[in-house]
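The structure under discussion appears below in the form of structure tokens.
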Amino acid sequence: MDDGKLLPMGAEGTFYNNEETYCNKTSTSAINGIACANRAIYDSSFWK
């Protein structure tokens, strides 16, 4: 980030933070999955 923080893509404030488009099993976006890092870290149901 501009302030020197390191955030996983998908976190609030990152460019690809819309999970409906960028981390969704049914999304047709060519870059779907790019925002899953944050969800994988903080959402325990992600791996189920």
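The values are calculated or read from the model by the stated rules, or taken from the named source; none is laboratory data. Keep in mind that this is a model prediction, so the values were computed, not measured. We place every Cβ from the backbone using ideal geometry, glycine too, and count neighbours over all the protein chains shown. Keep in mind that these areas ignore ligands, DNA and RNA; they rest on the heavy atoms of the full protein, side chains included. Shrake-Rupley method; radii C 1.70, N 1.55, O 1.52, S 1.80 Å.
Quickly estimate the mean residue ellipticity at 222 nm for the chain, helices only: each DSSP H run with n ≥ 4 gives -39500 (n - 2.57), and the total goes over all residues, rounded to 500. Let's see the in-between values first.
Details: 2 runs with 11 residues, N = 48.
Roughly -5000 deg cm²/dmol at 222 nm, from the helical runs in the chain.
Of all accessible surface on the chain at a 1.4 Å probe, what whole percent is carbon and sulfur?
Result for the chain: 53 percent of the exposed heavy-atom area is carbon or sulfur.
I'd like the projected area of the range 5-48, averaged over all directions, using the convex hull of its alpha carbons. Report it in nm² with one decimal. Intermediate results must be reported in sequence, preceding the final value.
Numbers: hull surface 12.5 nm².
Projected area, direction-averaged: 3.1 nm².
Among Phe46, Leu6, Ile34, which residue has its Cα furthest toward the positive end of the charge dipole of the chain, with +1 on Lys/Arg Cβ and -1 on Asp/Glu Cβ?
Of the candidates, Phe46 comes out farthest on the positive side.
Any idea what the relative contact order of the chain is, in percent, if you count C-alpha pairs under 8 Å spaced at least 6 apart?
On the way: 57 pairs, mean separation 14.7, N = 48.
For the chain, the relative contact order is 31 percent.
Any idea of the accessible area per residue across the chain, 1.4 Å probe, to the nearest Å²?
Heavy-atom accessible area per residue stands at 80 Å².
Suppose every K and R has +1 on its Cβ and every D and E has -1 on its Cβ; what is the size of the dipole of the chain about the Cα centre, in Debye to the nearest 20?
With Lys and Arg at +1 and Asp and Glu at -1, about 260 debye.
Under the 0.36 nm per residue contour assumption, what length would be gained going from the current alpha-carbon distance of Thr14 and Trp47 to full extension? Please report the intermediate quantities before stating the final value.
Details: separation 33, 0.36 × 33 = 11.88 nm, distance 2.21 nm.
Answer, rounded to one decimal: 9.7 nm.
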